[in-house]
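First the structure, in the form of structure tokens, and then the observations on it.
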Amino acid sequence: TEGLVHAQNIFDGGSHGAYDVSFYRYLDVGMRVPFSTGTDWFIYDFNRVYVPLEGPLTQKKWLTRLEEGRSFITNGPLLEFEANGQQLGDTIKLDEAGTITLRGRAVGRENFSHLELVHNGTVIERIAARKQGDHFEALLERTVTVDQPGWFALRTDLEAGNNAFGKPLFSHTSPVYVEYQGALRFRAEVAEAMISEMTDSMDFISRMAIFADEQERESVMKVYRQAIQLMKEKIASRR
């Protein structure tokens, strides 16, 4: 929300994780959060984040595209997605109820079972993967009527099985956002839960953390206080 989150990692080693507690809740409080992943050692898995690029590849160009939310994460299937011709990370602005046409494609060597269309955290369409020569593929096209702020994304079925390294197969795009009557999606109950978590973290830091001096402590606690105040202001503005 304040431009401090360039991207959010998931599935990058350790426990597998879940979308609703890593990505979706940030989107539910109006944050634009690009999705990312990547292991520190290649032999663990194929976990990688991809962004489309034109022209010569440079580090700056790649990181800029990631920060813009043009990304999809995967350890197997490759994804393509657009909404009303807009690309990943873009925002569709509506002043009144309107239709959005969504098109997506998934291609992978392993059987990813289904391609899923996600709207505000809920799967609204599932397309079965079909064998095409030496790979699997699924194509999706759907037009929906939208009368609220939110977001759309594509993912593959988390219950599809394993990839070549024996790890649970996954892929997920960053969102295409829908701004409705000037607002992004915001759920007050999610914001309140975040405030509770941050308050608990501040209490833990106060009891257990050791800092070189009070200035160092304040530099950490200030981040929490600012975030809590921002969430409280957002909740109040929607009442």
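The values are calculated or read from the model by the stated rules, or taken from the named source; none is laboratory data. The model shown is predicted, which means the values in this text are computed figures rather than measured ones. Please note: Cβ atoms are built from the backbone with ideal geometry, for glycine as well, and neighbour counts cover all protein chains shown. The area values use the complete protein model at the heavy-atom level, side chains included, leaving out ligands, DNA and RNA. Shrake-Rupley method; radii C 1.70, N 1.55, O 1.52, S 1.80 Å.
Of all residues in region 160-196, which are touching a Leu at 6+ places or on another chain (Cβ under 9 Å), part of a strand (DSSP E or B) and open to solvent by 10 Å² or more (accessible area, probe 1.4 Å)?
Correct list: ASN162, PRO168, TYR177, GLU179, TYR180.
Would you mind telling me which numbered condition in (1) at pLDDT 95 or above; (2) in contact with an Asp or Glu (Cβ under 8 Å, 6 or more places away or on another chain) THR99 fails?
(2)
Looking only at residues in region 123-135 that are in a strand (DSSP E or B) and not basic (Lys, Arg), which one is surrounded by the fewest Cβ atoms within 10 Å (Cβ to Cβ)? I'd like the intermediate steps shown before the answer.
Our first condition is that a residue be in a strand (DSSP E or B); within region 123-135, this holds for 123-128, 130-132, 135.
Add one more test, that the residue is not basic (Lys, Arg), and what stays is 123-125, 127-128, 132, 135.
Values: VAL123: 12, ILE124: 13, GLU125: 17, ILE127: 19, ALA128: 12, GLN132: 10, HIS135: 15.
Of everything passing the filter in region 123-135, GLN132 is surrounded by the fewest Cβ atoms within 10 Å (Cβ to Cβ).
Whether any residue in region 77-85 is open to solvent by 80 Å² or more (accessible area, probe 1.4 Å) and of a type in the set (A, V, I, L, M, F, W, C) is what I want to check.
Kept after step one, since they are open to solvent by 80 Å² or more (accessible area, probe 1.4 Å), are these residues of region 77-85: 78, 80.
This time we only want the ones that are of a type in the set (A, V, I, L, M, F, W, C), so: 78.
Yes, the conditions are met somewhere in region 77-85.
What are the residues in region 136-159 that are open to solvent by 50 Å² or more (accessible area, probe 1.4 Å), assigned to a strand (DSSP E or B) and either in contact with a Lys or Arg (Cβ under 6 Å, 6 or more places away or on another chain) or of a type in the set (A, V, I, L, M, F, W, C) (or both), if any?
Initial filter on region 136-159 (open to solvent by 50 Å² or more (accessible area, probe 1.4 Å)): 139, 141-143, 145, 147-148, 158-159.
Narrowing further to those that are assigned to a strand (DSSP E or B): 139, 141-143, 145.
Residues satisfying the conditions are LEU139, GLU141.
Quick check, is ALA227 in a helix (DSSP H, G or I), in contact (Cβ under 8 Å) with a residue 12 or more places away in the chain and either within 23 Å of VAL21 (Cβ to Cβ) or not hydroxyl-bearing (Ser, Thr, Tyr) (or both)?
Yes.
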